[in-house]
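K.L.:
What follows is a single structure, and I will ask about it in a moment.
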Amino acid sequence: MLKIAKASSREQLEGKEVFDFVPPEIRDITKNRISNTNSENKLIPRLEQKFICVDGSLIDVEVVGIPINLQGKTLIQSIFIDITERKLIYEKQAKLNEYLFKQNKQLEEFAHIASHNLRAPIANIHSLLNIYQSDNSPEVSKFVIDQLLVSSQI
């Protein structure tokens, strides 16, 4: 607990309860969740939340509570795991996924446009070849060749 709370000595933690490290805006929710689970005398589900360190900074922690019986009284033994780095990695990964999704969308749009732009000249060439096959007179042949040159220009 010393390390997670960023305390330099046990004295800094003396007289503090676990809920003193929970931000005030979520204290009641956390207490209710623990008391409801505790009444069933079960393991408290993993909980991710903010944690107030001795120096006032906030870190992300994962908390697991284990009910224990001490002199006929049920207490909660809490295990805190600093997940700040994991959360930062997840945030970076989410941003990267969003970026990749946008890039993929742009690539799909480009492929669609490129496909459309390739189909039009090919359709023209195909039509001109059909004209040539139906009538290969010198006048039609010249017309087809001239139009093929126009259709094939970049």
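K.L.:
Taking the criterion of being over 24 Å from Pro23 (Cβ atoms) and outside any strand (DSSP E or B), would at least one residue in segment 51-65 satisfy it?
P.N.:
Looking through segment 51-65, none of the residues is over 24 Å from Pro23 (Cβ atoms) and outside any strand (DSSP E or B).
K.L.:
Please determine, by comparing only the residues of segment 134-143 that are surrounded by fewer than 10 Cβ atoms within 10 Å (Cβ to Cβ) and of a type in the set (S, T, N, Q), which one is farthest from the chain's Cα centre (by Cα).
P.N.:
If we take residues in segment 134-143 being surrounded by fewer than 10 Cβ atoms within 10 Å (Cβ to Cβ) and of a type in the set (S, T, N, Q), then Ser137 is farthest from the chain's Cα centre (by Cα).
K.L.:
Give me a count of the residues in segment 66-75 that are aliphatic (A, V, I, L, M) and either exposed (fewer than 10 other Cβ atoms within 10 Å of the Cβ) or assigned to a helix (DSSP H, G or I) (or both).
P.N.:
Of the residues in that region, 1 qualify.
K.L.:
Looking only at segment 1-18, which residues are in a helix (DSSP H, G or I) and surrounded by 13 or more Cβ atoms within 10 Å (Cβ to Cβ)?
P.N.:
The answer is Gln12, Val18.
K.L.:
If you don't mind, there's one more thing I want to ask. Regarding segment 97-107, can at least one residue be identified that is among the hydrophobic types (A, V, I, L, M, F, W, C) and open to solvent by less than 60 Å² (accessible area, probe 1.4 Å)?
P.N.:
Within segment 97-107, not a single residue is among the hydrophobic types (A, V, I, L, M, F, W, C) and open to solvent by less than 60 Å² (accessible area, probe 1.4 Å).
K.L.:
I need a count of the residues in segment 24-63 that are under 15 Å from Phe80 (Cα atoms) and modelled with pLDDT under 90.
P.N.:
Final tally of qualifying residues: 10.
K.L.:
Based on this model, can you work out whether Lys87 counts as out of contact with any Phe, Trp or Tyr (no Cβ under 8 Å at 6 or more places or on another chain), of a type outside the set (Asp, Glu), assigned to a helix (DSSP H, G or I) and open to solvent by less than 80 Å² (accessible area, probe 1.4 Å)?
P.N.:
Answer is yes for this residue.
K.L.:
For the condition open to solvent by less than 100 Å² (accessible area, probe 1.4 Å), hydroxyl-bearing (Ser, Thr, Tyr) and part of a strand (DSSP E or B), what is the one hit in Ser115, Ser151, Ser78, Ser127?
P.N.:
Ser78
K.L.:
Could you list, ordered by first residue, the pairs with Cβ atoms under 9 Å in which the first is in segment 140-154 and closer than 17 Å to Asn130 by Cβ and the second is of a type outside the set (A, V, I, L, M, F, W, C) and open to solvent by 100 Å² or more (accessible area, probe 1.4 Å), at least 6 apart or interchain?
P.N.:
So the pair list comes out as Val144/Asn136.
The values are calculated or read from the model by the stated rules, or taken from the named source; none is laboratory data. Here the structure is a predicted model, which means the values were calculated and not measured. Cβ: placed from backbone, ideal geometry, glycine included. Neighbour counts: every protein chain shown. Heavy atoms of the whole protein, side chains included, go into the accessibility calculation; ligands, DNA and RNA do not. Shrake-Rupley method; radii C 1.70, N 1.55, O 1.52, S 1.80 Å.
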